[in-house]
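Undergrad: Please see the structure below; I have some questions.
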Amino acid sequence: MRINLYFLLINIFCITFFSCTTKNKIVPYAHFRIDFPEKKYKIHDFESCNFSVEIPEHLTISINPQNNCWITLTNETNNINIHLSYHKIKNNLDSLLQDAHNLVYEGHYRKADGIWETSGVNSNFTIYELSGEVATPIQFYVTDKKNHFLRGSMYPSTIKKMIKINRDSLRPVIDFYKKDIEKIIETIQWNSQN
């Protein structure tokens, strides 16, 4: 009996002494490291679409062969696409504005946790920021209200398919490319009407 008690005490001592060798460490909230390219802008003239704009050099420009004014700006390293579509205004500004509004609200109201609008002082542009599990975190348009209308949207993507985004995880990427969208809006120059 005395030997059993002795072994029991040794076992309890060993379990207590050796079981708690690791200390828990509280790790602060952080994001994965994402390397962003240096921002260098170059003026690009989309002559057939009647506008020129400063485009960051880290974005590759591709033109849709079916329509010269469907433009995609891509950065494969950060898996970002910015789609632009230019429209000439022909007494249809109201329908272009309504289409831009509908693409944001009707297309995303079920999935979006929130939609925020930022408009220019004279309402020549609007940026829509969407949160939640939506396909596009940012959509926008810019217009001179007479002849020209440019609509755009940002899509995080993989090489072969669009991805379901987690806005919190992609916030640094979205914020980085939002500045490029703002630069497009700030620097757009409309060419004379053809």
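Undergrad: Among the residues of region 83-128, write down those that are of a type in the set (G, A, S) and part of a loop (DSSP other than H, G, I, E, B).
TA: Scanning region 83-128 gives G120, S123.
Undergrad: Follow-up. Kindly indicate the residue of region 1-56 that is of a type in the set (G, A, S) and either at pLDDT below 85 or in contact with a helix residue (DSSP H, G or I) (Cβ under 6 Å, 6 or more places away or on another chain) (or both) and also surrounded by the most Cβ atoms within 10 Å (Cβ to Cβ) among those meeting that condition.
TA: Restricting to residues being of a type in the set (G, A, S) and either at pLDDT below 85 or in contact with a helix residue (DSSP H, G or I) (Cβ under 6 Å, 6 or more places away or on another chain) (or both), the top hit is S19.
Undergrad: Collect the residues in region 162-176 that are over 22 Å from A100 (Cβ atoms), modelled with pLDDT of 85 or more and aliphatic (A, V, I, L, M), keeping them in residue-number order.
TA: Correct list: V173 only.
Undergrad: Is it true that I159 is surrounded by 14 or more Cβ atoms within 10 Å (Cβ to Cβ) and at pLDDT below 95?
TA: no
Undergrad: When you look at L59, is it without any contact (Cβ under 8 Å) to a residue 60 or more places away in the chain and surrounded by 15 or more Cβ atoms within 10 Å (Cβ to Cβ), yes or no?
TA: no
The values are calculated or read from the model by the stated rules, or taken from the named source; none is laboratory data. All figures in this text were calculated on a predicted structure; none of them were measured in a lab. For neighbour counting, all protein chains shown are included, and Cβ atoms are generated from backbone atoms with ideal geometry for every residue, glycine included.
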